[in-house]
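**Student:** Quick one: the structure is below, questions incoming.
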């Protein structure tokens, strides 16, 4: 398989926090891969089910490509259209730079930590 295959693998873990908030913890790379698109599909399904808040912990994400940026935008749009709120948490500097260059950090809610993101949702 080589290192390239390992680099592009996205691992997703999730847990419910109360009745209306789900926290996702990502690790690996968010690319336009089957893993990335499967995650996007899961978020769309969850948003359409009426969940109020979704936090995505990026602390362990090493890389993101342009398709991964598109996945983030699509998830944000899907959640907001369904009346929910999506917050990106613990963005590593490299991921923050990519989203900043794409001028998305002004439009996508984000927090320094998962706890801060959860506090933002509680404040609503």
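**Student:** How many percent of the alpha carbon pairs in the chain exceed a separation of 23 Å?
**Tutor:** 23
**Student:** Can you sort 9, 120 so the residue with the fewest Cβ neighbours within 10 Å comes first?
**Tutor:** 9, 120
**Student:** Let me ask another. What is the calculated FRET efficiency for residue 104 to residue 27, with r their C-beta to C-beta distance and R₀ = 25 Å, to the nearest 0.05?
**Tutor:** My answer for the efficiency is 0.75.
**Student:** With r defined as the distance between the Cβ atoms of residue 112 and residue 73 and R0 fixed at 25 Å, what FRET efficiency is calculated, to the nearest 0.05?
**Tutor:** 0.75
**Student:** If you don't mind, another one. For the residue pair residue 97 and residue 41, what label-to-label distance in nm results when each label sits 7 Å from Cα along the Cα-to-beta-carbon direction?
**Tutor:** Distance between label points: 3.4 nm.
**Student:** What percent do you get for the relative contact order of segment 54-116 when only Cα pairs under 8 Å and 6+ apart count?
**Tutor:** So the answer I get is 44 percent.
**Student:** Is it possible to state the helix-based mean residue ellipticity at 222 nm for the chain, with each DSSP H run of 4+ residues giving -39500 (n - 2.57), the sum divided by total residues, to the nearest 500 deg cm²/dmol? What is it?
**Tutor:** Only helices count here, giving -13500 deg cm²/dmol.
**Student:** May I pose another question? Kindly express, to the nearest 10 degrees and within the range 0 to 90, the angle between helix 66-81's C-alpha long axis and the longest C-alpha principal axis of the chain.
**Tutor:** The answer is roughly 10 degrees.
Every number in this text was worked out from the coordinates using simple rules, so none of it is lab data. If you're wondering where the values come from, they're calculated on a predicted model, not measured in any experiment. Here the Cβ is made from the backbone with ideal geometry for all residues, glycine too, and neighbour counts use every protein chain on show.
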